[in-house]
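One structure below.
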Amino acid sequence: MDRESQAFRFGAGGDTVLHPIIASVVLIAAIWMFCRPRKYVIAPLLTAALVVPMDQVLVIGSAHFSMLRVLIMLGWAKILVETNAFSNRPFLAGGLNGIDKAVALYAGLSVVAFTLLWSEWGALFNHLGLFYNVIGIYFALRYFIRDEGSVERTIRVLAYIAVVIAVVMVIEQTTGWNAYAFVGGGRQADRLALLQRDDRLRAMGSFAHPILAGTFGATLLPLFIGLWWKRRTNVVCCLMGVTASTIITLASVSSTPTVAYLAGIVALSLWPLRKVMRPLRWGIVISLASLHLIMKAPVWALIGRTDVIAGSSGYHRYMLVDQFVRRVGDWWLFGVKDNAGWGLDMWDLANQYVGTGVDAGFFPLACFVGSIVFGFKYLGRARKAARGSRKQELFCWALGAALFAHVVAFFGISYFDQTMVAWYALLAMISAIAVPRKGVVGEKDPRTGAQSGLSPAICRGD
């Protein structure tokens, strides 16, 4: 039998594809999640969510459940069990914050706008799936990532996951065969015939595209360096993570991950200039505005010059932003249906900001950008409040560098697979250590006896 026929298929039209190996991984993750304490749940949840491809789908009636959606359901089942058992614990560490509200509004308004744009029940059901994914994974991660210890634990888990994916991608690039092709799925053909660029194979691992795989690795680099800055005993784990991050970025043979990787390094290297960041930011804004006035093309034409890998499509990304800006009247309210008519290949929304605006309009886009703004705001306050603890300051700075790497990556790709899990994990980690908390500093957890590691300034929101 061929590899495709070895997968389990159920439902009308054979739409369900679930290989026994994938089913076993999800089952093991479920058992681990329910048999271990809360602080250990993040490991099986993140591991299964990131190493299982999104094209492994269970169809029940008209509902399609990727394994990520199944894992979200299992994670929430664990949460419901815990919240019933320990009702005195607040659901979200620190309470509802600006990032939480921005993410919730982004997901909710996207559903409303997309449904109004298309005026079809199918549009509603389609974006209810997006709502389920975003709200489900983000708030589950917010629940499980509650404090500084769980943040460090999450980064270590991501390091081990990155090592596994790096090994798969190295084998893929050297042999020309993606091991995930064995389990079938909707992207099996892509995994059997890899994309190439200048005779170099572009590895994709468990992800839906090489750019997404590379972006996953590139945006993790600052986290591993930050963990090493925070606690030198993590040196082996961090070294493994940095190596894996670099390998994943290079194996994708893509400009967007490479630029994001470099952006993370640049952000980390700006640490000595931390006291002059405000004038530096304004200087960059003024410089870009000046360039816009003196350049023959708009300033965003610089996006077309970011092809650090030969054969990349920087010009397409420039034209996408250019048409997006010029046609703001078409999409600002609820999005637009016919963006493919904007020009050659304009259907390819390889930009998270453009993709959000085109699909749902200005208001969800503002909420998406708002989650980023709150992230930087909270990290800045937390770093200032941690003065006197150089390690804590550096750790906050590294999280900010990771956030900046994502901001840059969003200009070159829209996260449409499990890469979103890494993104929402970062937002959850920022909320866990950088958001002002309510309550008394040093208050002990009634079950673990652990104390809050927050300074009085952070708790007051200074």
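The table below gives the values:
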read-out	value
Cubic angstrom per residue, convex hull over Cα atoms of the chain	156
Dipole in debye (nearest 20) - the chain, about Cα centre, beta carbon charges: Lys, Arg +1; Asp, Glu -1	2140
The range 342-417-the range 44-66 distance, computed between alpha-carbon centres (Å)	25
Tensor-based shape of the range 116-217 (alpha-carbon gyration tensor, a/c under 1.5 rounded, otherwise prolate or oblate)	oblate
Pairs of alpha carbons in the range 252-392 whose separation is greater than 22 Å (percent)	55
Computed magnitude of the charge dipole of the range 284-398 (debye, nearest 20; Cβ of K, R +1, Cβ of D, E -1)	880
Listed residues Trp300, Trp32 arranged by accessible area, highest first, probe 1.4 Å	Trp32, Trp300
Tensor-based shape of the range 148-302 (alpha-carbon gyration tensor, a/c under 1.5 rounded, otherwise prolate or oblate)	oblate
Sequence ranges 389-395, 168-174, ranked by mean other-Cβ count within 10 angstrom, highest first	168-174, 389-395
Amide H contacts under 5 Å for Gly412, placed H, 5+ residues apart	Gln352
For the range 233-260 versus the range 284-300, the gap between their alpha-carbon centres in whole angstrom	32
Counted charge near Ala49, where neighbours are those whose Cβ lies closer than 11 Å (Asp, Glu -1; Lys, Arg +1)	0
Shape of the range 306-351, Cα gyration tensor, a/c cut at 1.5	prolate
Surface accessible to a 1.4 Å probe, per residue, for the residues of the chain, Å²	45
Of Ala181, Phe34, Ser269, farthest towards positive along the dipole that unit charges on Lys, Arg, Asp, Glu beta carbons give the chain	Ser269
For Ser254, net neighbour charge (Lys/Arg +1, Asp/Glu -1) across residues whose Cβ lies under 13 Å away	+2
Surrounding net charge for Asn234, when Lys and Arg each add one and Asp and Glu each subtract one, Cβ distance under 9 Å	+3
Apportionment of accessible area to carbon and sulfur, the chain, percent (1.4 Å)	66
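The values are calculated or read from the model by the stated rules, or taken from the named source; none is laboratory data. Given the structure is predicted, the values throughout are model-derived calculations rather than measurements. All Cβ positions, even for glycine, are placed from backbone atoms using ideal geometry, and neighbour counts span all protein chains on display. Surface accessibility is based on the protein's heavy atoms, side chains included, excluding ligands, DNA and RNA. Shrake-Rupley method; radii C 1.70, N 1.55, O 1.52, S 1.80 Å.
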